Amino acid sequence: MKHKLNYILFLLIVGIVTVLPSCNKDDLGTPTLSSISPGTGPGGMLVTLQGSNLSSIRTIVFDGNNAPAGFNPNFNTDDAILFRVPDTASGGAQNIILTNIDGSILTVPFNVVAFPNVKTSSNYDFQAGDQISFTGINLEGVDAVKFEATNEPIEIVSKTSKSLIVKMPATALTRSKLVISNSSGTTTTADEYINIDQAFQIFTDDYQNGFADGSWGDAGMRTESEHKTGIASASKKYAQGNWHLINFVRWGNPVEKNTEWKFLVAWVKGGSLDYDLYFGSDKSEGGFGSFNEGNKITVKANVWNYYKIPMDKLDFWKGGGGFEQFGIRIQGPDAQDETFYFDDVMFVK
């Protein structure tokens, strides 16, 4: 009799253990949707989904490119769940796939607004045929790139979600921002792109428009091993403690002031440390080689630095008449010799 009672008790325990998981699973229920707000939006937008049986949701994926949306399941309630559109989601109509702890799926339609977003550019100067590379997000669907100023099209060479390469055309434009479009809409770049062929060039791949080297100390050199655009830059070794100067000269043929010139642009590759350099002309205040704060640039070490300086911030014609010397001077360097490289030095309308 005792053995029979033990056997019955064993069967009851097994039955309870067997039934409990099944009851827990049934208690979760199938997630359902009553509303979503908003039903369209860009990366980073907060989305509120309301319905039932939502507290057990464990993964949320935008299926356009299987982009996961991060969220904290501890903040879920049975009636609502909040999450943000992932920045990595591809643009366009797609589904949000929500999966709970038991594998039950809720599918919710959504339209991701994914405007093309350019974060960096390989160059801001170009000649016809040059390729410029961009990095950013939402670039895989780019279907058009144009100059903002004229609507002229620019050829797309390649694109991925985070990169875009274009080939610049021949154009009469001097400078323009770019308009980049995809199915979500258009974005205009924050920066302008400068047409080298329409600029007054001082040094591009070589000395231009009658300029030559007239540097103090060690001569300025045309250097093909380092350049930002084209095939060469101008280099200058600034000797330790000697306050050298790279000098672009046009003897006997002064550069007269042109009120149509709006910017001085230049690429400068820095030395081993951050340094200040000073632009100036032989008509600058204080004379040639002076250290005028309004003409100062700070050059970060070991990288190409881009400068686009409004002409009204510089004093190149303050002394009256045209200048014959355009120099870039350093104070020091105190620690050691330093070599700098200069490319696409130009006046731009």
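The values are calculated or read from the model by the stated rules, or taken from the named source; none is laboratory data. The structure displayed is predicted, hence computed values, not measured ones. Quick reminder, even Gly has a Cβ in these numbers, built from the backbone with ideal geometry, and neighbours come from all protein chains shown. Each accessible area value is taken on the protein alone, full model and side chains, heavy atoms only, with ligands, DNA and RNA left out. Shrake-Rupley method; radii C 1.70, N 1.55, O 1.52, S 1.80 Å.
Mind checking whether some residue in the stretch 300-309 is at pLDDT 95 or above, open to solvent by 40 Å² or more (accessible area, probe 1.4 Å) and polar (S, T, N, Q)? Can you show your working first?
Restricting attention to the stretch 300-309, the residues satisfying the condition of being at pLDDT 95 or above are 300-309.
Filter once more, so that each one left must be open to solvent by 40 Å² or more (accessible area, probe 1.4 Å): 300, 302-304, 306, 308.
Filter again for polar (S, T, N, Q), leaving 302.
Yes.
State yes or no: is Thr88 of a type in the set (Ser, Thr, Tyr) and modelled with pLDDT of 95 or more? Write out each step before concluding.
Working: of a type in the set (Ser, Thr, Tyr): yes; modelled with pLDDT of 95 or more: no.
Taking the combined requirement at face value, the residue does not satisfy it.
Being within 16 Å of Val348 (Cβ to Cβ) and surrounded by 15 or more Cβ atoms within 10 Å (Cβ to Cβ): is that true of Ser176 here? Here the answer is yes, as Ser176 does meet what is asked. Of all residues in the stretch 67-117, exactly one satisfies the criterion of being within 30 Å of Glu192 (Cα to Cα), of a type in the set (A, V, I, L, M, F, W, C) and open to solvent by 40 Å² or more (accessible area, probe 1.4 Å), namely Phe115. The single condition from (1) touching a residue at least 40 places away in the same chain (Cβ under 8 Å); (2) surrounded by 14 or more Cβ atoms within 10 Å (Cβ to Cβ) that Glu260 fails is (2).
Let's see how each residue does on (1) under 19 Å from the mean Cα position of the chain (by Cα); (2) under 30 Å from Gln240 (Cα atoms); (3) open to solvent by less than 30 Å² (accessible area, probe 1.4 Å):
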position	(1), (2), (3)
Phe126	yes, no, yes
Gln131	yes, no, no
Ala190	yes, no, no
Phe200	no, no, no
Tyr207	no, yes, no
Ala212	no, yes, no
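Candidates in the stretch 42-56 are the residues that are in contact (Cβ under 8 Å) with a residue 40 or more places away in the chain, buried (at least 17 other Cβ atoms within 10 Å of the Cβ) and among the small types (Gly, Ala, Ser); of these, the one that is farthest from Ser184 (Cα to Cα) is Ser56. Are any of the residues in the stretch 159-172 open to solvent by 70 Å² or more (accessible area, probe 1.4 Å), of a type in the set (D, E, K, R) and farther than 28 Å from Glu140 by Cβ? The answer is no, given that none of the residues of the stretch 159-172 is open to solvent by 70 Å² or more (accessible area, probe 1.4 Å), of a type in the set (D, E, K, R) and farther than 28 Å from Glu140 by Cβ.
Count, please, the residues in the stretch 161-178 that happen to be closer than 21 Å to Tyr307 by Cβ and part of a strand (DSSP E or B).
Initial filter on the stretch 161-178 (closer than 21 Å to Tyr307 by Cβ): 168, 173-178.
Subsequent filtering for residues that are part of a strand (DSSP E or B) retains 175-176, 178.
Looking only at that region, the number is 3.
Contact annotation: residue pairs with Cβ atoms under 9 Å, 6 or more positions apart or on different chains, pairing a residue in the stretch 143-160 that is free of Cβ contacts under 8 Å to residues at least 24 places away in the same chain and in a strand (DSSP E or B) with a partner that is open to solvent by less than 90 Å² (accessible area, probe 1.4 Å) and of a type in the set (D, E, K, R), are Pro153/Lys146; Glu155/Lys167; Ile156/Lys167; Lys159/Glu140. Listed by first and then second residue, the pairs linking a residue in the stretch 65-86 that is acidic (Asp, Glu) to a residue that is buried (at least 18 other Cβ atoms within 10 Å of the Cβ), with Cβ atoms under 8 Å apart and 6 or more places separating them unless they lie on different chains, are Asp78/Leu54; Asp78/Ser55; Asp79/Gly51; Asp79/Leu54.
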